[in-house]
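Every number here is computed from the coordinates shown, using simple stated rules; none is lab data. Computed from a prediction, not measured in an experiment: that's the story for all the values here. Counting neighbours? That spans all protein chains shown, and the Cβs are built from the backbone with ideal geometry, glycine included.
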Amino acid sequence: MDASRYKDYMLGLMFYKFLSDKTLEAFKVLSETKSTITEDLLEEYRLQRKDLGSELDQGFLNYQGYYVEPEHLYQVWVRDINEGSFEVQKVTDGLSNFERTISSTSSGGDFKGLFASNTIDLNDTALGSNLNERSKNVQALIMLFADLDMVALQKSDTLGDAYEYLIGQFAMESGKKAGEFYTPRQVSEVMAQIVARSSEITSIYDPTVGGNVIIVTRG
């Protein structure tokens, strides 16, 4: 598979792990649970959503603007892999469900099309010539991030650094410059300094780097 395509799968799953970790972290805050064991936390989330339904969903939306339903969490995929019950369709269902969930929220535009089937096509024969091969390769990708705490990595900005590094590597593999995929750090830093100087600036449009748009929002 060409590097420019592989990055969609790798970075897409990496970000979905982040969304799942953030959902569980938010659940711990909203439910005031003391549980730190993943399996216990998954079960508690499942039971509370069964009881509270839309009330809990709205709590997530008010708290962080999004959520991943308990049966579609990245951690459930990892558990299924370890138990030998993994199915690629569960990943497809999870990504599709998140797209549907976020489409009706005010923050939906930030995520729109992120996990679209034309971006992350798990039936792509480049992932394997048959279902068994595709399943093995998808499982290998999922397990790359299984042990990473994306919430902690975000706080130290390690996650952002990893994204920047990986995109740069994928660009090199594709024979392109990284600026064609994302705004270089130097430009981002200048824009951040500009925003910090005025409380009246709420967003920035960057038309110069590969046609990309960067939005910096206060709050």
* Under the Karplus relation 6.51 cos²θ - 1.76 cosθ + 1.60, θ = phi - 60°, what is the ordered set of whole-Hz ³J(HN,Hα) values for the stretch 60-66, x standing for Gly and Pro? -> 4, 5, 5, 7, 9, x, 6
* Asked: Any idea what the relative contact order of the stretch 3-148 is, in percent, if you count C-alpha pairs under 8 Å spaced at least 6 apart?
  -> 26 percent
* To do: Once you have the Cα-Cα distance between K50 and I201, take 0.36 nm times their residue separation minus that, and quote the gain in nm to one decimal.
  => 50.1 nm
* If R0 is 25 Å, what FRET efficiency do you get for I167 and D121 from their C-beta distance, rounded to 0.05? -> 0.80
* Among K28/K136; K7/K136; K7/K90; K17/K50; K7/K28; K7/K34, which pairs are too far apart, with a Cα-Cα distance over 29 Å? -> K28/K136; K7/K28; K7/K34
* Structure fact -> When T36, T105 are arranged by how many other beta-carbons sit within 10 Å of their Cβ, fewest first, they go T36, T105
* aspartates and glutamates with Cα under 15 Å of K155, excluding same-chain neighbours fewer than 8 positions away -> D21, E25
